[in-house]
Amino acid sequence: MMKFNKIRMKWVVAMSVIGAFSPLHAQQVALTTQYDLISSIQNPAYNGLNRILKIDALSRVQWANFPGTPRYSAVAFQSPLNKDFSLGANFQNLSIGQFKVASPMSMTSMSADIAYHKQLDKNIYAAAGLRLGVFNSSLRISQLISDAPADAAQTGNDYNFNAPLVGGGIMFYGKQYFIGASLPQFAVVPKQLVDNVNLGYNARSFWSFNAGYVYKFNKKWQVKTTAQARKYTSLPTIWDANIYGIYEGVLTLGYGYRSTGSNAFLASIRANDLIKVVFAYESGTIYDDQSPFNSIEFGISYQIDYNKEKTKVIPRQF
């Protein structure tokens with residue numbers, strides 16, 4: 001048991017340090033499978049696309065069958081101001097590691113968005129969004145749990161810093177399609193060395209590209225396809241492709257594939273006009289395809305259409 005705990009401890013320390021100070025820190029925002037639910041986080045230009053007030057929340061446990069694995073949570077709010085402008089806000093947190101009183105590693109962001117929408121043609125709309133906020137990175141190695149007296153975790157240092165955050169994006173969309181590109185968030189961190197650890201790694205961000213299309217078979221059935229690609233600095237591009245069957249706009253079932261080789265089951269149900277609940281189960285392998293993993297997501301969306309009398313975009317499944 002002692003040997004197992006020591007191995008597990010080293011794995012958690014490695015996850016924390018690698019996640020914070022190597023190219024893997026590009027994953028400021030965790031990879032999500034049901035990314036449609038938090039589209040406004042992926043691209044600030046999305047805010048106001050459906051001309052309704054929305055509050056979306058998503059929670060993901062990455063590699064749920066490993067100890068101390070990444071946990072991601074996000075809450076996003078959006079609301080139209082008028083026919084052209086919309087506001088948005090979001091909170092995100094990514095934490096890694098088992099803990100005593102605090103997560104050994106966490107990255108948190110809080111930001112506000114503004115988006116501008118304009119109709120270009122009968123079924124062509126364009127949108128642009130800007131994001132401003134604050135980014136926090138915290139590494140508390142001293143809080144890691146260890147059963148080994150000589151473990152490095154017990155003599156580890158703690159690091160913490162805040163930095164301004166910026167982001168932006170554009171979108172083109174219509175009744176049945178959308179395509180967009182964005183830099184979701186980039187933390188502007190000055191170079192700073194503490195105990196030979198560079199805290200100014202600039203919290204590397206990534207470019208995100210999204211597209212989707214909804215095909216209506218009849219009054220009851222629709223099929224939606226979506227694709228997402230993330231381009232990281234000095235890392236391979238990661239892409240996802242999802243396909244969903246939608247029944248009467250209430251029940252959605254789908255399948256997702258990620259370029260890392262994972263497969264996902266996707267589902268959502270609209271409880272009423274206000275609330276939709278989503279679920280995703282993803283499985284695959286890591287560490288040179290030797291170790292199987294599973295990841296789980298839960299989400300909820302709350303929306304209010306308080307603007308029924310004004311001109312609005314036709315409702316859609318994205």
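Values in this text are rule-based calculations from the coordinates and carry no lab data. From a predicted model like this one, the values you see are computed outputs, not experimental measurements. Every residue, glycine as well, gets a Cβ built from its backbone with ideal geometry; the counts of neighbours run over all protein chains shown.
The figures follow:
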item	result
Distance histogram in 5 Å bins (all Cα pairs of segment 223-302, percent per bin)	3, 13, 19, 21, 19, 12, 7, 4, 1
Cut-off 10 Å between beta-carbons: net charge of the residues surrounding residue 258, Lys and Arg +1, Asp and Glu -1	-2
Highest-first arrangement of 44-52, 160-168, where packing means the average Cβ count within 10 Å	44-52, 160-168
Cross-link pairs 175/219; 118/219; 83/122; 83/219 - those with Cα-Cα distance over 24 Å	118/219; 83/219
